[in-house]
Each structure stands twice: as structure tokens, then as C-alpha cells.
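Working notes, beginning with the structure itself.
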Amino acid sequence: MKAVSRHWAASVHVALSLIGLPYAAGTSGVCSKKAISRSFFSSTSVYMCSAAAHVKARCPVYPGSDTHRFPVPDHTVDWDTDCPQYSPVKYTAPTVLNKPAWADPEIGSFSPQFNSIDGSVDRRSHEGSYRVQNGKPLNPHGRTGLEGRGLLGRWGPNHAADPIVTRWKRDSTGQCVHHTNSQLPVLQFVSIKRLDCGEWAIPGGMVDPGERISQTLQREFSEEALNSLQASPSQRENIQKRIAELFNSAGLQVYKGYVDDPRNTDNAWMETVAVNFHDESGNSVSELPLQAGDDAGQVSWIDVDSSLALYANHLHFLETVAKERNAHW
Ligand code: BGC
């Protein structure tokens, strides 16, 4: 996670729609009984966001503030629906206005190149071209009741990446554990407890300017789950070596698109790419000692199960991973 402050608890429900499964690959068969169909990170996306109306992005009180959004009922979310009475509240958090390195200046004092790569900042949306009105980008999922940037640094899309690192749960003899109800093998994923809202989450974070998403995935995992920022140069080198192999393998991309996030505004919104890296044999990243770092309070391997309560839409990412890998859900 990077410097954008996030003081909120969320359980976002973004419906996922299947758009393509280019080829089927057999697993090495260690724990999973049947072949799974995969679309790898390097190829076509498996899941994109749906056009469902955002809900968290219309939460009455903006996170980390006592600013109330202008109410936006479902039928006025769409920009194309006439709404003459619409009068969004203006709010950009003081932390953003203080001009930290991760935030844009106010519009007027600079003119960003929207819908394109603007210097080192990628202002393209994963969802295609977005509208720009009076010099300001418009949220592609519609009205939110608040204009400005709130807690978000960038006008338009604010890009994040979520690494979902999984392994099979094993007993003391090394055998995969099957769930008593579903009889399916149980997956575990690396989860962090966020310091800002206390919720368990995937150790994701913001894409730095000029950074490739594959780099963000690896960096955020190292910083938050392995505490690489506090490691000595030699420890850090060891960590990087161990995780490079897993992260350089073809990941399973489970989501790419808009996130219904309570920090979203009419002019700034979150987007993410979530990719699953699976340690099938349990002897790569699984062997590294987890240590919480950066914005993470705790870190742990957690059993993947539909009853988990997780930050933002992270539970939906795990559902996709569990189903794709024919694991217990
Ligand atoms: C978090 C990601 C999350 C994204 C969208 C980022 O701040 O680090 O884990 O997916 O926001 O909510």
C-alpha cells in the first residue's frame, strides 16, 4: 500500500463476468483432482469488472472525514440520466492538497493528458476511454455525490495491483487437507491485516509512476508480507531471489478493472489488477517466514473459504481463484 490514506472498512460487491478461457492446462496433480482452465497474466484477462452500479462509492460519509456526499439514488447514478438538481459536495483531503509526491496538483495549475500515458503516470483506464468534462475526468461508473479527489492522489484512475499468493493446506505429514463438507482441497493465501482499517486483505498497493504492474505485485508482496523494507541488503536479495521465481511464473489474472471503493469520487477512482501466484508444491514462497511490514499490522496464511470477511472486493478475487483451482470454497 502506498501513501494514499485509507480509513475505511469495506466489503465491496463487484460482480465478475467471465470473458474468456483461452486454453486448458493440467495441474501437476499434487492436490487438485482435475484439470483447470486458466488464462494467464501474460495473456488475455479472465475477469473484468461488470458495469454494475457502484455502491461503496456512494457511501454517505466520505472515509476519514465528516464530509457527507450529495445523495445519489440508484436511478441517477448514470451520467446520461438527467439530474438537474445534482449538486456534488467538493472535497479533496488536506493530505492530498499538501502536494505529496504521489498526488497531482489541482486542475488549472496543470493540464494532465487524460486517457493516455502522461509522462510516467498511466492515466488510461482498464475499462476504456472515460469522459472529460470541464477539464476534469468523469467516473466511468457514474455519479458519487462528491467532486474533487477525496483521498485519492490522481485525477481519473488511481491504479493498484493485488498479488494473491496461494498454496495448498497440508497436514503434518505433508498431505493436502480436504474440507470435510466439500471434500475439496483447501487453499491458503497470504493475507495482511491493514493498519488503516484493521481488516484482513490481500497485500496490494498502488502502482508507482513508471512501474509495470508485474513489478508492483512483487514489490508490494515483499514490502508488506516479507517486510523487505526493513531487511538488510543481503536478506533482501535472498527474499527477492526466492519470490522472483514464483512471480515470474505465469500468474492467473482474476480481475482487472474498476473497484467500487468508498474513496472514489466523480473525478477520481480506484482500479486494480489482481493476479494469483500459486505455489503448487509448497516449497517456494511457502517456505519464507512471513513478517508484516509497511502498512501491514499482521500477516498470515489464511484458509480460503466463502465465510471470510475481507477488505474491499478481495473476497470475490479469492472466490475466482478457488473455483479456477477446484479448491474448497
Ligand atoms: C489496495 C488494494 C485494493 C485497492 C482498491 C488499494 O489501496 O491496496 O488492495 O484492491 O486499493 O480498493
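Bear in mind that the values in this text are calculations on the coordinates, not laboratory data. Predicted model only: the values in this text are computed from it and were never measured. Positions of Cβ are generated from backbone atoms using ideal geometry, with glycine treated the same way; all protein chains shown enter the neighbour counts.
Can you sort Ser116, Ser125, Ser172 from fewest to most other Cβ atoms within 10 Å of each residue's own Cβ?
Arranged by neighbour count, lowest to highest, Ser116, Ser125, Ser172 become Ser172, Ser116, Ser125.
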Between Asn134 and Ser172, how many nm apart are label points set 7 Å from Cα along the C-beta direction? 6.8 nm
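Contour minus end-to-end for Gln291 and Val89, with contour as 0.36 nm per residue of separation and end-to-end as the Cα-Cα distance? Don't skip to the end; give the middle numbers.
Numbers: separation 202, 0.36 × 202 = 72.72 nm, distance 4.10 nm.
Going from the current span to full extension adds 68.6 nm.
Report the full-extension gain for the segment Leu97 to Gln298: residue separation times 0.36 nm, less the Cα-Cα distance, to one decimal in nm. Let's see the in-between values first.
Details: separation 201, 0.36 × 201 = 72.36 nm, distance 3.06 nm.
Extra length from Leu97 to Gln298 when fully extended: 69.3 nm.
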Given labels modelled 7 Å from the Cα in the Cβ direction, how far is it in nm from Ser249 to Asp78? 4.5 nm
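What length, rounded to one decimal in nm, is gained on full extension from Lys193 through to Ala309, with 0.36 nm per residue of separation minus their alpha-carbon distance?
Working: separation 116, 0.36 × 116 = 41.76 nm, distance 1.16 nm.
In short, 40.6 nm is gained.
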Please tell me which of these pairs span more than 29 angstrom C-alpha to C-alpha: Lys56/Lys169; Lys193/Lys256; Lys136/Lys193; Lys56/Lys241; Lys136/Lys323? Lys56/Lys169; Lys136/Lys193; Lys56/Lys241; Lys136/Lys323
Once label points are set 7 Å from the Cα along Cα→Cβ at both Ser111 and Gln183, what is their separation, rounded to one decimal in nm? 6.7 nm
Applying a 10 Å radius around every beta-carbon, put 149-156, 281-288, 176-183 in order of their mean neighbour count, most first. 149-156, 281-288, 176-183
